[in-house]
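**Student:** First, the structure itself, so that you have it in front of you.
The values are calculated or read from the model by the stated rules, or taken from the named source; none is laboratory data. Everything quoted here is computed from the prediction, not taken from an experiment. Using ideal geometry, Cβ is built from the backbone for each residue, glycine included, and neighbour counts are taken over all protein chains shown. The protein model used for the area step is the full one, side chains on, heavy atoms only, and it has no ligands, DNA or RNA in it. Shrake-Rupley method; radii C 1.70, N 1.55, O 1.52, S 1.80 Å.
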Amino acid sequence: AQRMEAIGQLTGGVAHDFNNILTVITGTIEILGDAVKDRPHLAQITNMIGAAAARGADLTQHLLAFARRQPLQPRSTDVNALVIDAAGLLRPTLGEQIEIESMLSPDAAPALIDPSQLSTAILNLALNARDAMPDGGKLTLETRNVVLDDDYARLNSEVRPGNYVMIAVSDTGDGIPGSLLDKVFEPFFTTKEVGKGSGLGLSMVYGFVKQSNGHIKLYSEEGHGTTVKLYLPQAAGAAGAASVTDTLAAGSAGLQGGDESVLIVEDDALVREYVVTQICRFGYHTLAASNASQSLAVLNGPARIDRLINDVINPGGMDVRKLATEQFIHRPGPTVL
């Protein structure tokens, strides 16, 4: 557990910094793409750069998932309906030589989970199962309610006793040697041949489940197959909510600019410059600060400030909530994003 935590801190830190760089690349390539869309040769080059950046972003997303630092939007989720949808998508992907069997408990409780990330996790587990059954076999998807009690928690120190929804993905494939079982969740570790897997699928699932306050167990026997069980916290009557992405999409149809003055607080210089450039494109006046003290100095000055955009993590020990509180004290007018 300590080794996994150390690897998570390392990969999470690298992925976070690389993600900042990719933010600038993907954002600026969109600007360039708009500028050269009437020049096919240059437009093709910008599309290539954009596609490469997208692949890099996908890689960092998996690493951030393992490090438990990806943004999640948990809500009450019907796991049976989600598994049924996933099975429908998997049938053409797995091929006719693999039989898909569903064993869904009719009383399976809703889970408090990010449904899109759970779908991705099930897809990753199913693709691993497919690769373990090159000559065909059976993939079984199972759901049921489970209570992890105090005795189980004593044997698994990271588990909180309580009510969970279990999703199990089982195959009848080659299985994993016992000597490798303690490494399967580590990023970039894979039992597949060179070029046939990045080794990020299981690590992504591991990090996602842990970040969601869940539990994961893998059972495998050479020559007989593998079962991965995801124990997800029950929603306990939590109401479903529209995702932030849906809300933003609904409000972006009539996107327009303005002439207000915006203060941007972001410690990464590249990201700060990129955000300033993007906001200026819509006609807004911008001021920038790299940390909380610079931000407060601007607020104490004469400049007009209508809106504050704050990075979540600020250097110097002042998180975004404390910084927002201080900003309201200095100048109560502007709203904070």
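**Student:** Residue 288 versus (1) at pLDDT 85 or above; (2) touching a Leu at 6+ places or on another chain (Cβ under 9 Å); (3) open to solvent by less than 40 Å² (accessible area, probe 1.4 Å); (4) small (Gly, Ala, Ser): which is the lone unmet condition?
**Tutor:** (3)
**Student:** Related question: Answer with yes or no whether residue 104 is among the aliphatic types (A, V, I, L, M) and at pLDDT 85 or above. Spell out how you get there, then give the answer.
**Tutor:** On the way: among the aliphatic types (A, V, I, L, M): yes; at pLDDT 85 or above: yes.
Here the answer is yes, as residue 104 does meet what is asked.
**Student:** Further question on the same structure: Residue by residue through the range 256-268, note down the ones that are under 24 Å from the mean Cα position of the chain (by Cα) and either at pLDDT below 80 or open to solvent by 30 Å² or more (accessible area, probe 1.4 Å) (or both).
**Tutor:** Correct list: 267, 268.
**Student:** Here is a further query. Taking the range 75-115 on its own, how many of its residues are part of a strand (DSSP E or B) and either open to solvent by less than 20 Å² (accessible area, probe 1.4 Å) or in contact (Cβ under 8 Å) with a residue 40 or more places away in the chain (or both)?
**Tutor:** We begin by selecting, within the range 75-115, every residue part of a strand (DSSP E or B); these are 75-77, 98-104, 111-113.
If we keep only those that are either open to solvent by less than 20 Å² (accessible area, probe 1.4 Å) or in contact (Cβ under 8 Å) with a residue 40 or more places away in the chain (or both) too, we end up with 75-77, 98-103, 111-113.
Residues meeting the conditions: 12.
**Student:** Which of (1) touching a helix residue (DSSP H, G or I) at 6+ places or on another chain (Cβ under 6 Å); (2) at pLDDT below 80 is the odd one out, the single condition residue 86 does not satisfy?
**Tutor:** (2)
**Student:** Quick check on the range 47-74: of everything there that is of a type in the set (S, T, N, Q) and open to solvent by 60 Å² or more (accessible area, probe 1.4 Å), which residue is modelled with the lowest pLDDT?
**Tutor:** Keep residues of the range 47-74 that are of a type in the set (S, T, N, Q), which gives 47, 60-61, 70, 73.
Cutting the leftovers down to open to solvent by 60 Å² or more (accessible area, probe 1.4 Å) gives us 47, 61, 73.
Working: 47: 87, 61: 72, 73: 80.
Here the answer is 61.
**Student:** Moving to a separate point now. Conditions: (1) part of a strand (DSSP E or B); (2) open to solvent by 20 Å² or more (accessible area, probe 1.4 Å). Residue 164 meets all but one. Number of the miss?
**Tutor:** (2)
**Student:** Here is a follow-up. For the structure I just gave you, tell me whether residue 313 is open to solvent by 30 Å² or more (accessible area, probe 1.4 Å), assigned to a loop (DSSP other than H, G, I, E, B) and modelled with pLDDT under 85. It would help to see each step written out before you state the result.
**Tutor:** Details: open to solvent by 30 Å² or more (accessible area, probe 1.4 Å): yes; assigned to a loop (DSSP other than H, G, I, E, B): yes; modelled with pLDDT under 85: yes.
Criteria met by residue 313.
**Student:** Let me ask something else about it. Restricting the first residue to the range 254-274 and requiring it to be more than 25 Å from residue 333 (Cα to Cα) and part of a loop (DSSP other than H, G, I, E, B), which pairs with a second residue that is open to solvent by less than 40 Å² (accessible area, probe 1.4 Å) and modelled with pLDDT of 80 or more meet a Cβ separation below 6 Å and a spacing of at least six or different chains?
**Tutor:** 268/20
**Student:** Another question, if that's okay. Quick check on the range 116-138. Is at least one of its residues in a loop (DSSP other than H, G, I, E, B), within 30 Å of residue 311 (Cβ to Cβ) and within 25 Å of the chain's Cα centre (by Cα)? So that I can check it myself, show each step before the final result.
**Tutor:** Pass one, the range 116-138, residues in a loop (DSSP other than H, G, I, E, B): 132-136.
Remaining after also requiring within 30 Å of residue 311 (Cβ to Cβ): none.
Looking through the range 116-138, none of the residues is in a loop (DSSP other than H, G, I, E, B), within 30 Å of residue 311 (Cβ to Cβ) and within 25 Å of the chain's Cα centre (by Cα).
**Student:** Within the range 110-123, is even one residue touching a helix residue (DSSP H, G or I) at 6+ places or on another chain (Cβ under 6 Å), modelled with pLDDT of 90 or more and within 14 Å of residue 216 (Cβ to Cβ)?
**Tutor:** yes
**Student:** For the subset of the range 316-337 comprising residues that are open to solvent by less than 60 Å² (accessible area, probe 1.4 Å) and of a type outside the set (Asp, Glu), which member is modelled with the highest pLDDT?
**Tutor:** First, pick out the residues of the range 316-337 that are open to solvent by less than 60 Å² (accessible area, probe 1.4 Å): 318, 320, 323-324, 326-327, 331, 334, 336.
Those left that are additionally of a type outside the set (Asp, Glu): 318, 320, 323-324, 327, 331, 334, 336.
Details: 318: 68, 320: 69, 323: 74, 324: 75, 327: 72, 331: 72, 334: 73, 336: 82.
Looking at residues that are open to solvent by less than 60 Å² (accessible area, probe 1.4 Å) and of a type outside the set (Asp, Glu), I get 336.
**Student:** Going by the structure shown, is residue 43 at pLDDT 75 or above, assigned to a helix (DSSP H, G or I), open to solvent by less than 90 Å² (accessible area, probe 1.4 Å) and closer than 21 Å to residue 270 by Cβ?
**Tutor:** Working: at pLDDT 75 or above: yes; assigned to a helix (DSSP H, G or I): yes; open to solvent by less than 90 Å² (accessible area, probe 1.4 Å): yes; closer than 21 Å to residue 270 by Cβ: no.
When the stated conditions are applied, residue 43 does not pass them.
**Student:** Looking at (1) farther than 21 Å from residue 209 by Cβ; (2) modelled with pLDDT of 85 or more; (3) open to solvent by 30 Å² or more (accessible area, probe 1.4 Å), which is the one condition that is false for residue 127?
**Tutor:** Result: residue 127 passes all but (1).
**Student:** Mind telling me which of the residues 237, 214, 225 ends up being at pLDDT 90 or above and on the phi > 0 side of the Ramachandran plot? Break it down stepwise before answering.
**Tutor:** Numbers: 237 fails: at pLDDT 90 or above; 214 fails: on the phi > 0 side of the Ramachandran plot.
Exactly one of 237, 214, 225 is at pLDDT 90 or above and on the phi > 0 side of the Ramachandran plot, namely 225.
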